[in-house]
Amino acid sequence: MLTFHSTEWGRNGNIYGDLWEAKEISHREWLGGYECSAVITTSAILKKEIQQIYTIPDYKFWEIPNGINVGKINRKIYPGSIKRRPGLHQCLKVVFFRGRMAYQKGPDLLVEAAARILKKIMHNL
């Protein structure tokens, strides 16, 4: 079994250039996918990427999404105090993103969702 959380292709902005390291890592990813009995991915998008790059057959894939135990991280957050450190006004509406700026992480979906939420907030004023 082999678990993918990303590919070398995705981590390097979808370009290899002449980097021998990237080519070697990609080869190892392909070889691992070829030789293993099952490939675990964290999303359908990642599965599709791996299939397009390495032509691993569909029957090998299992999708197991990343997850969290909400009970372990559930705590009171005070938005005003969080905004103080970067120097933002405490009443300012803010959306934070933490992750690689890569297609796989979905920052485009976050921007789209934030725009919809802002439009709804402005409409209700």
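The values are calculated or read from the model by the stated rules, or taken from the named source; none is laboratory data. Owing to the predicted nature of the structure, the values given are computational and were not obtained by experimental measurement. All Cβ positions, even for glycine, are placed from backbone atoms using ideal geometry, and neighbour counts span all protein chains on display.
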Exactly one of (1) more than 20 Å from the chain's Cα centre (by Cα); (2) over 20 Å from Trp9 (Cα atoms) is unmet by Pro65. Its number? (1)
Can we say Gly71 is within 24 Å of the chain's Cα centre (by Cα), at pLDDT below 85 and within 30 Å of Tyr34 (Cα to Cα)? no
So which helices (runs of 4 or more DSSP H) are wholly in the stretch 6-74 and hold at least 2 residues that are in contact with a Leu (Cβ under 7 Å, 6 or more places away or on another chain) and surrounded by 12 or more Cβ atoms within 10 Å (Cβ to Cβ)? 20-35
Could you count how many residues in the stretch 94-125 are surrounded by fewer than 10 Cβ atoms within 10 Å (Cβ to Cβ) and in contact (Cβ under 8 Å) with a residue 12 or more places away in the chain? 0
Residue that is among the acidic types (Asp, Glu), modelled with pLDDT of 90 or more and within 28 Å of Ala115 (Cα to Cα), where the choices are Glu49, Glu29, Glu63: Glu49
Keeping to the stretch 101-118, report how many residues are out of contact with any Gly (no Cβ under 9 Å at 6 or more places or on another chain) and assigned to a loop (DSSP other than H, G, I, E, B). 1
If Gln90 meets every condition in (1) closer than 30 Å to Glu29 by Cα; (2) in contact with a Gly (Cβ under 7 Å, 6 or more places away or on another chain) apart from one, which number is that one? (1)
I need the full set of residues from the stretch 75-100 which are modelled with pLDDT of 85 or more and not in a loop (DSSP other than H, G, I, E, B), in order please. Lys83, Arg84
Looking at (1) surrounded by 11 or more Cβ atoms within 10 Å (Cβ to Cβ); (2) in the same structural domain as Ala115 (by TED's automatic domain parsing), which one does Gly87 not meet, given that it meets all the others? (1)
So Ile82 passes all but one of these: (1) of a type in the set (Val, Ile, Thr); (2) surrounded by 12 or more Cβ atoms within 10 Å (Cβ to Cβ); (3) over 18 Å from the mean Cα position of the chain (by Cα); (4) assigned by TED's automatic domain parsing to the domain that holds His27. Which condition number does it fail? (4)
